[in-house]
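Please read the structure below before turning to the comments.
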């Protein structure tokens, strides 16, 4: 087999579910969204805070699902055709993880897992581009990096691929450990540790502990890739792993840069690579990707084009020679700093004003006000000419910056920006996902530059 294909009995045995009805045939493919069903899928109904996804089982079966795996509450009173399979488990998320872990045992290729406070998606994209030059590579899609998304991605992997790259996210302790158990990576990459999810974790040391769960879950003899000189991750390194560091002072480091032509040194060898991006933070992400690729025997190509995921620093053009840096997928103090450096470099190169449209950074806990005030100081240090803040927390950044335009919503920002901008401006748009700042770039009519 090249893709997972489980009989009803196997599904029940692997997950410990009650097989209420075996249905007809067997499942092929998996989905947790009743609106995205392919024929033969097993629909996994995920209980949510407000709605149990299992209540959409009938819709999923009508759309072509072979059957469903749901909670006892969702199964109560559920009526399905006799041809539809039905399994019941007290924790469908855990059952999904067990299925993915079972399929993982059929994969003999290297599996590389990436986590970090910021930059993990871009690093995944860069690493995927490098590995794709050497063989068939599966790269987890979008934001499928959670306790639901990652297992679904693992269950999409063809067991004939040469390399697998998976992204791991977390909001609390223990989540990376569980994802690591499911994915069983042979290489673990921690991009960085920064002040994120402090609302649930409480301290940056706790964030480091949570990210360190990836290193703790690697098998003996595996490879860990971490930033050089990172004291927060140092306690998590293991003597039974091959540890590779990246960045200034690391095993994998940048020794020369001429425009987009970069020279990377690793293991005593030098690699010349021409990239299609300019951002300083992505140069660092490139080093992490080169170190990870080297761990599985792949060297970077002479020329590298990276199809970056959306809303992560893409340059977009609008009228009057204005360029928008669309980086509004998410935000935290570390990623804001990197984006401001990118804005500063791009505006200096282009010669126009630097305009920052910055929204609230969410989930920062009790220090959220002081962290936003520090952001305002960072904006001033970056040489930003015009600051527009979006949301009540970002307003504290405006106060620290000095004179700023403050609005309450992304829609208000989109409405007032056309009159604020001048020819030749470079505009950074960034904030936490909950603010929906993508409407700003859309409202300006921005298109890929």
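Bear in mind that the values in this text are calculations on the coordinates, not laboratory data. Values in this document were obtained by computation on a predicted structure and should not be read as measured data. Glycine also receives a Cβ, built like all others from the backbone with ideal geometry; neighbour counts cover every protein chain displayed.
The table that follows gives values for the structure above.
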{"quantity": "Sorted by Cβ neighbour density within 10 Å, fewest at the top, the residues 328, 109", "calculated": "109, 328"}
{"quantity": "Label-point gap, in nm, between residue 369 and residue 255 - each point 7 angstrom along Cα→Cβ", "calculated": "5.1"}
{"quantity": "Shape of the range 5-99, Cα gyration tensor, a/c cut at 1.5", "calculated": "rounded"}
{"quantity": "Highest-fluctuation residue, 146, 133, 426 considered, GNM on the chain with Cα pairs under 10 Å", "calculated": "133"}
{"quantity": "Per-peptide average of other Cβ atoms within 10 Å, ordering 375-382, 206-213, 418-425 highest first", "calculated": "206-213, 375-382, 418-425"}
{"quantity": "Label-point separation in nm, residue 143 to residue 50, each point 7 Å along Cα→Cβ", "calculated": "1.6"}
{"quantity": "Exposure proxy ranking, count of Cβ atoms within 10 Å, fewest first, for 312, 433, 270", "calculated": "270, 433, 312"}
{"quantity": "Between helix 410-420 and the chain: long-axis angle, C-alpha atoms, 0 to 90°, nearest 10", "calculated": "30"}
{"quantity": "Cα centroid separation, the range 1-67 to the range 368-410 (Å)", "calculated": "47"}
{"quantity": "Within the chain, percent of DSSP bridges classed antiparallel, to nearest 5", "calculated": "35"}
{"quantity": "DSSP beta bridge pairing in the range 1-136, given as percent antiparallel to the nearest 5", "calculated": "40"}
{"quantity": "Principal-axis tilt of helix 368-381 within the chain, Cα atoms, nearest 10 degrees", "calculated": "40"}
{"quantity": "Tilt relative to the chain, helix 92-104 - C-alpha long axis, 0 to 90 degrees, to 10", "calculated": "90"}
{"quantity": "Proxy reagent accessibility, fewest Cβ within 10 Å first, across 43, 246, 308, 277", "calculated": "308, 277, 246, 43"}
{"quantity": "Measure of compaction for the range 171-264 (Cα Rg per 2.2 N^0.38 Å)", "calculated": "1.18"}
{"quantity": "Sequence-separation-based contact order of the chain, relative, with Cα cut under 8 Å and 6+ spacing, percent", "calculated": "11"}
{"quantity": "CD proxy at 222 nm, helix term only [per DSSP H run n ≥ 4: -39500 (n - 2.57); per residue of the chain; nearest 500]", "calculated": "-9500 deg cm²/dmol"}
{"quantity": "For the range 115-184 versus the range 252-294, the gap between their alpha-carbon centres in whole angstrom", "calculated": "22"}
{"quantity": "Full-extension gain in nm, residue 274 to residue 345, via 0.36 nm per residue minus C-alpha separation", "calculated": "23.7 nm"}
